[in-house]
1. Relative contact order for the chain: what is it in percent, counting Cα pairs under 8 Å that are at least 6 residues apart?
2. Taking 29 Å as the cut-off for C-alpha to C-alpha distance, list the pairs among K127/K418; K127/K349; K375/K418 that go past it.
3. What is the gain in length, in nm to one decimal, between L126 and Q447 on full extension, counting 0.36 nm per residue of separation less the C-alpha to C-alpha distance?
4. Mind checking the full-extension length gain between R10 and A109? Use 0.36 nm per residue of separation minus the Cα-Cα distance, one decimal, nm.
5. I'd like the FRET efficiency for E392 and W519, computed as 1/(1 + (r/R0)^6) with the beta carbon distance as r and R0 of 56 Å, rounded to 0.05.
6. Of all the accessible heavy-atom surface of the range 174-313, with the other protein chains kept in place and a 1.4 Å probe, what percent is carbon and sulfur?
7. What would the Debye equation give as log₁₀ I(q)/I(0) for the chain at q = 0.05 Å⁻¹, counting only Cα atoms as equal point scatterers?
8. Subtracting the Cα-Cα distance from 0.36 nm times the residue separation, let me have the gained length for W171 to R487 in nm, one decimal.
Amino acid sequence: MDVGADEFERSLPLLQELVQGADFVGLDIEFTGLRTSLPRAQQISLFDLPSEWYLKTRQSVQQFTVCQIGLSVFSSVEGEANKYVAHSCNFFLFPTTFGILDSEFSFQASSIQFLNQYGFDYNKFLKHGIPYMNEEQEKQIKHSILSGNWRVRSSLDKDQMKAVIDEVTRWLHLAEEGDWMTLPGIAGFRAFEVQLVLRQALPDIWTVLRDQAVIVKKVSKQHRWYLQNTSCDRESCWREQILLSARGFSVFFQMLVKARKPLVGHNMMMDLLHLHEKFFRPLPESYQQFKRNIHGLFPVLVDTKNVTKDIWKELNFPRVSNLSEVYDVLDSDLNPTRNSGPVIVHASKCEKYAETKCPHEAAYDAFLCGSVLLKVAHLLLWRVHGAGSAPEPSFPRYLDVLAPYVNQVNLIRAGVPKINFSGPDYPSIRPPILILSVRRWPGVTEQQVYREFQSLCKFDVRRLTRSQFLLLTNKFKDARSVLKEYRGHPSLQVSLFRYWRHSPDVQCLLRVCSIVTAWALLAFLLGRPGP
């Protein structure tokens, strides 16, 4: 089910009811871009600590925006064992433009091409996107509304607003008192703004909001004065309604936070960064503060990428490269619990995905996240207890077997493979760092070193000294392969990096210590009295 700005406010009560009664919620987000172009020294690499990775990625999150959020709300069916119904919704979003709020964001060509390849509807994003704001932006607009200084700039294009005023003015010349006209297709907080502009420009009209339209009525000046001072539809009564409409999807975000339901994603780190930045608060500079904030918002997170990556090799499943392939394997005969696992059905009005695969449509991917969670949890339960003695499956039991993976979110490219949102991060389990010493290759660059090893395997490269480079890969076999292949090489010597042996800082300290020791010894010898 697709939800735009026109349907969103009417859908809120139903959405709130669904989330409150859910077992968990699947999430996926599509963005206008992923990574900003940074100088090579600032690009993300396997050398980065989680805090370094966060600070680099924070810049990208602040530059791009969310264009679609997919939620799939999973609820167990009462009276039917291990059966779940999924309500899946796509929400097209567009930043709030109202009063002083006018966000700037970038498009990344590769991301746009990617979404276009999978049929993303840009008209729904740009024309009918649901507004949203974070808490800092809400404070700004609330202050402007309450102080009466909020009509700084029309959220509609000035030409469009002028056209509306001209249309009403022409009608007024021919209309008689009591006549009315309709301005269709205007809803949400923009409808309030249109009314305010019209009432300010034309003293002999009154406006009323009805369904998805603004009704304009010609009235006398005396009647207008009476309506302004007695009607509950006057400007002062609109402030809360305006704020509610301007907050848009942020209202539902707060409902999701208050529900405290487990949130499930796949490679969901970027999703969490955008949720914090766009709907909660601007991302803090402190990595630890970010972790605390996310854990406070969503105390139970499950990243299916982290779960499946950990158990995939143990189960001897074929290699997969994306969420759809993970789902296909778990839904095939390769999964020994396929026939005994949970039954998942689509809710009415959400049956599109029952017959059609829609990869990289946010709601479809959110549904896959939830389905993968249930299937892999059932598989883990079966492995722990065995086929004959396994207890009756239920979502609380599934959470029990998933406990080692809760709040562990996969990190794609960094010094550690995952982030722990409920405690300290785990130490790195990456292969050891290698050091390359170069001879007879003057002026060699990091890029040239990268190309030298590219045919054999992929390394992140970082310069250590003029003739030495650090090499790091995320595969142990690649590290072993390079050590073997370059053993005895005449100009490229590769070995394990030893901090106390190879670090320039340590080497400098040792030189200073040796010089000081030599001078102290010399002074001692020269200062000795003669025989």
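1. On the way: 820 pairs, mean separation 95.8, N = 531.
This gives 18 percent for the chain.
2. Details: K127/K418 38 Å; K127/K349 23 Å; K375/K418 22 Å.
The answer is K127/K418.
3. The L126-Q447 span can extend by a further 111.6 nm.
4. Numbers: separation 99, 0.36 × 99 = 35.64 nm, distance 3.45 nm.
Here the answer is 32.2 nm.
5. On the way: r = 79 Å, r/R0 = 1.41.
Rounded to the nearest 0.05, the efficiency is 0.10.
6. Numbers: 3140 of 6120 Å².
Carbon and sulfur together cover 51 percent of it.
7. Listed by q, the Debye log ratios stand at -0.31.
8. On the way: separation 316, 0.36 × 316 = 113.76 nm, distance 8.78 nm.
Working it through step by step, the gained length comes to 105.0 nm.
The values are calculated or read from the model by the stated rules, or taken from the named source; none is laboratory data. Here the structure is a predicted model, which means the values were calculated and not measured. Cβ sites come from the backbone with ideal geometry, for glycine too, and all protein chains shown count toward neighbours. SASA here: full protein model, heavy atoms, side chains in, ligands and nucleic acids out. Shrake-Rupley method; radii C 1.70, N 1.55, O 1.52, S 1.80 Å.
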